[in-house]
Amino acid sequence: STMRKRKATDSPHSSTDLSEGKEKLRLKQEVGLISGVSLIAGTMIGSGIFMSPEWVLHHMGSPASSLLIWAACGVLAMFGALSYAELGTIIKESGGEYIYILRIFGSFPAFLFAYTSVILVRPAGLAAVCLSFAEYAVAPFYPGCSAPQVVIKCTAAACILLLTIINCLNVRLATSIMNIFTAAKLLALLVIVVGGLVLLAKGQTQSFQNAFQNTTAGIGAVGVAFYQGLWSYDGWNNLNYVTEELKKPEVTLPRAVMLAIPLVTCLYLLVNVSYLAAMTPSELLSSGAVAVTWGDKVLGSWAWLISLSVALSTFGSSNGTFFSGGRVCYIAAREGHMPDILSMAHVRCLTPSPALLFTSAVSLIMVVSGSFTSIVNFFSFMAWFFYGMTISGLLYLKIKKPELPRSYKVPILIPVIVLMAAVYLVLAPIIDQPQIEILYIVLFIFSGVILYFPLVHFKCHPRFLQRVTLHLQLFLEVAPTTRDAN
């Protein structure tokens, strides 16, 4: 056996049990309420709030309308997370959208989601955030000029490798780092908020005079502005990816959502007000990095603190993205939609290390050729396509299967609003300004059909894969896991 036997007198948090003479391996339930709030807030507060405000303002045209977009994005994220909280108390399994689509709609659409998410969306998102971290981390070493791309990419790659080691070693270590970095980035945002309030008290309100002037009304422009704003809120659904690792998920999941998202929304609005207090709209639009420009104007010689804060913020966010993204790969493999080796956990650390290593490898490939700004709209289009499918599944369960036990219920109007928003966000940019990239995305999603039928439906697995799996299992010291019977 590749697993070491554990004593029956293990602690209550032990992830093994003995039944019918066989030992089962499970991931530990290590994520409590504070860690849950940190996972949501820590992943949401990444690079977006430091980079997206100028783009929201660019597409909306006026300060007041851009603030409305930020508020609307927060409400939409809250509604989406509350809807997901109900799903998480009905289907108490990790995996987020993947497991919900699988249980409600079946194997084929779930495979398409897993294929798209594991191969493209999650690694690309992680690569983009790590590239953003690298840009801010190396900036102090290249004053007055841009850092060489090779330095940025090497730093991003080092960030991914460090996150891989942390997350493979220990769940508690990963969540502790998340808690520490969340506290640090909240402190940085509070500095910006307080600085803005001081400026407003001194009468710097010129950006808020005729605040709706030059507002854009096109549906496509509003949709793209939403994409930019929602990029900063992305992560509102992250706790649903680790449901099996939550302590008392039926209580922790809704409470963490209700604490984290309003906190982030209020901070985002106040930070945007602070930016507009320090800069005119035209200055904000011409700024390459809004937070750094704010620091130069308000903090003077202490402006380096902002660059440090953004680097810490993006590192913490990438840790949260990596923590949850590896779980999608792990759960999909456990359900037979990915190679078996990706469904296994380390026999001592009890972490899904093969799935994390795979996510890391794909992200490293994307770091070599990718850039932060190239994926935001593409990422949002993909994300909201599957968010809409997941929310429609919740509506189906609420209408057709109201008898299912659930500890938390969201009013039906809330998922209806989220579904309408998802349809708008997917269709508006296509109708207003069709782009060939959207066609490529759709073709990629449905290219999964070529793999699904031979490998999953008909289970045509080459014999050599079993031998490869066995050798990898021995080399990585991993073993098959079992899910909790919920």
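The values are calculated or read from the model by the stated rules, or taken from the named source; none is laboratory data. Computed from a predicted structure; not experimentally measured. For neighbour counting, all protein chains shown are included, and Cβ atoms are generated from backbone atoms with ideal geometry for every residue, glycine included. Heads up: the accessible areas ignore ligands, DNA and RNA and are worked out on the full protein's heavy atoms, side chains in. Shrake-Rupley method; radii C 1.70, N 1.55, O 1.52, S 1.80 Å.
For the reader, a short list of remarks on this structure follows.
- Test: residue in region 309-326 that is out of contact with any Lys or Arg (no Cβ under 7 Å at 6 or more places or on another chain), of a type in the set (A, V, I, L, M) and touching a residue at least 60 places away in the same chain (Cβ under 8 Å): yes
Condition check ((1) in contact with a helix residue (DSSP H, G or I) (Cβ under 9 Å, 6 or more places away or on another chain); (2) over 29 Å from Leu356 (Cβ atoms); (3) open to solvent by 50 Å² or more (accessible area, probe 1.4 Å)) across all residues:
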residue: Ala188; (1), (2), (3): yes, no, no
residue: Val193; (1), (2), (3): yes, yes, no
residue: Gly229; (1), (2), (3): yes, yes, no
residue: Leu253; (1), (2), (3): yes, no, no
residue: Met258; (1), (2), (3): yes, yes, yes
residue: Val271; (1), (2), (3): yes, yes, no
residue: Tyr275; (1), (2), (3): yes, yes, no
residue: Ser282; (1), (2), (3): no, yes, yes
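- Enumeration of residues in region 451-466 that are part of a helix (DSSP H, G or I) and surrounded by 10 or more Cβ atoms within 10 Å (Cβ to Cβ): Leu451, Tyr452, Phe453, Pro454, Leu455, Val456, His457, Leu465, Gln466
- Selection of region 121-156 for residues being of a type in the set (Gly, Ala, Ser) and within 20 Å of the chain's Cα centre (by Cα) yields Ala124, Gly125, Ala127, Ala128, Ser132, Ala134, Ala156.
- When Val198, Val264, Val242, Val257 are screened for being assigned to a helix (DSSP H, G or I) and touching a Lys or Arg at 6+ places or on another chain (Cβ under 8 Å), only Val242 passes.
- Residues that are out of contact with any Pro (no Cβ under 6 Å at 6 or more places or on another chain) and within 22 Å of Leu189 (Cα to Cα) occur at least once in region 77-95.
- Every residue from region 216-234 that is of a type outside the set (Phe, Trp, Tyr), more than 19 Å from Met279 (Cβ to Cβ) and touching a residue at least 24 places away in the same chain (Cβ under 8 Å): Thr216, Gly218, Ile219, Gly220, Ala221, Val222, Gly223, Val224, Leu230, Asp234
- Close contacts from region 442-456, counting a first residue that is touching a residue at least 12 places away in the same chain (Cβ under 8 Å) and a second that is assigned to a loop (DSSP other than H, G, I, E, B), with Cβ to Cβ under 8 Å and a gap of 6+ residues or different chains, come to Val456/Gly336; Val456/His337.
- Lone qualifier among Ser313, Ser274, Ser318, Ser324 - being assigned to a helix (DSSP H, G or I) and at pLDDT 85 or above: Ser274
- All of Leu259, Leu246, Leu230 fail the test of being more than 28 Å from Ser52 (Cα to Cα) and not hydroxyl-bearing (Ser, Thr, Tyr), apart from Leu246.
- Some residue of region 111-122 being in contact with a His (Cβ under 7 Å, 6 or more places away or on another chain) and either β-branched (Val, Ile, Thr) or assigned to a helix (DSSP H, G or I) (or both): yes
- Scanning region 130-167 for residues that are open to solvent by 80 Å² or more (accessible area, probe 1.4 Å) and hydroxyl-bearing (Ser, Thr, Tyr) turns up just one, Ser146.
- When region 168-183 is filtered for residues that are surrounded by fewer than 19 Cβ atoms within 10 Å (Cβ to Cβ), touching a residue at least 40 places away in the same chain (Cβ under 8 Å) and within 14 Å of Leu350 (Cα to Cα), the ones remaining, listed by number, are Leu169, Asn170, Arg172.
- Scanning region 258-287 for residues that are more than 24 Å from the chain's Cα centre (by Cα), among the small types (Gly, Ala, Ser) and more than 14 Å from Val56 (Cα to Cα) yields Ser274, Ala277, Ala278.
- Options Glu97, Glu93: the member that is among the acidic types (Asp, Glu), over 23 Å from Leu305 (Cα atoms) and either buried (at least 24 other Cβ atoms within 10 Å of the Cβ) or modelled with pLDDT of 90 or more (or both): Glu97
- Taking region 87-101 as the range and being over 14 Å from Lys248 (Cα atoms) and part of a helix (DSSP H, G or I) as the test, the residues that pass are Leu87, Glu97, Tyr98, Ile99, Tyr100, Ile101.
- Residue match in region 324-345 (condition: of a type outside the set (S, T, N, Q), out of contact with any Pro (no Cβ under 8 Å at 6 or more places or on another chain) and farther than 22 Å from Arg103 by Cα): no
- Only listed residue being assigned to a loop (DSSP other than H, G, I, E, B) and either open to solvent by less than 40 Å² (accessible area, probe 1.4 Å) or aliphatic (A, V, I, L, M) (or both), chosen from Gly220, Gly235: Gly235
- Each residue in region 384-417 was checked for being of a type in the set (A, V, I, L, M) and open to solvent by less than 40 Å² (accessible area, probe 1.4 Å), and 6 pass.
- Every test in (1) part of a loop (DSSP other than H, G, I, E, B); (2) surrounded by 13 or more Cβ atoms within 10 Å (Cβ to Cβ) is passed by Asn210 save one, and that test is (2).
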